[in-house]
Amino acid sequence: MASIYLGEQRRRRWERLRWAVLAALLALGVIGYYGPWVPHKAAGLVIIGLDLAEYVKFLPDVIAGRVVLMRELFYLPLFAASVSAGLLAGRRNLPRWSRVLLALISLPLAAAMLPPAWSPAVLLQPEFRLQVIAILVCWLLVPAALITRYLPNRLVLIIILLLSLAAAIAPAWGFLQVHPGIEALYRRTLPPGWGFLVGTAGFLAAALFSCAEALRR
């Protein structure tokens, strides 16, 4: 009986460790998202991932229609991280304090998708409708943890896998589309900043880890 108990304890520890690794990889992606995607010696000219959702609206290539993309793509890392944190908060084999922490973290991640200088009137504009819907979905997942806690672990991993892939690929693709236009404005060659590299790598690693875990189960 003692060996069975110890084996169960060991299994639970490894299970918690795997979820913690996944959360750490997602956190790495968020850190990169808030890091510089367009580096510059002048702090005021540095562009982080979050800035791009609004910044691209004012690029000449986008205004002229030479580059066509959904600016909301640059919010996908926030959406993916917030939804993933909300789902992880429902994993019953995690300690209660970590579930509460993940639920709390998911709220400001979603709120970061709000437009600058927002107001109720601004949020009702069609331009920001998709952002508002995304924020509401993320916030609703927190109380919905009472239901999502019963989702199979494999399904949760598949959802996080898909979200992480989208968060890695879509913003990176959008950034590469507008990067030449940003270089033209700055009148210099600008290699992608460490934030772009770390953010993309973090979400890709989270996707690969989720895939491996889903297959293992």
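Can you find a residue in segment 111-119 that is in contact with a Cys (Cβ under 7 Å, 6 or more places away or on another chain) and either surrounded by fewer than 14 Cβ atoms within 10 Å (Cβ to Cβ) or over 25 Å from Phe175 (Cα atoms) (or both)? Within segment 111-119 (the criterion being in contact with a Cys (Cβ under 7 Å, 6 or more places away or on another chain) and either surrounded by fewer than 14 Cβ atoms within 10 Å (Cβ to Cβ) or over 25 Å from Phe175 (Cα atoms) (or both)), the answer is no, since none of the residues qualifies.
Selection of segment 108-157 for residues being in contact with a Gly (Cβ under 7 Å, 6 or more places away or on another chain) and of a type in the set (Ser, Thr, Tyr) yields only Thr148. Taken over segment 22-46, residues that are of a type in the set (Val, Ile, Thr) and more than 16 Å from Met113 (Cα to Cα) amount to 2.
Yes/no matrix, rows are residues, columns are (1) in contact with a Cys (Cβ under 9 Å, 6 or more places away or on another chain); (2) closer than 17 Å to Leu163 by Cα:
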site	(1), (2)
Pro60	no, no
Pro77	no, yes
Ser82	yes, yes
Ala85	yes, yes
Pro108	no, no
Ile133	no, yes
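For segment 131-138, the count of residues that are among the polar types (S, T, N, Q), modelled with pLDDT under 90 and within 16 Å of Glu54 (Cβ to Cβ) is zero.
The values are calculated or read from the model by the stated rules, or taken from the named source; none is laboratory data. These numbers were taken from a predicted model, which means no experiment stands behind them. Positions of Cβ are generated from backbone atoms using ideal geometry, with glycine treated the same way; all protein chains shown enter the neighbour counts.
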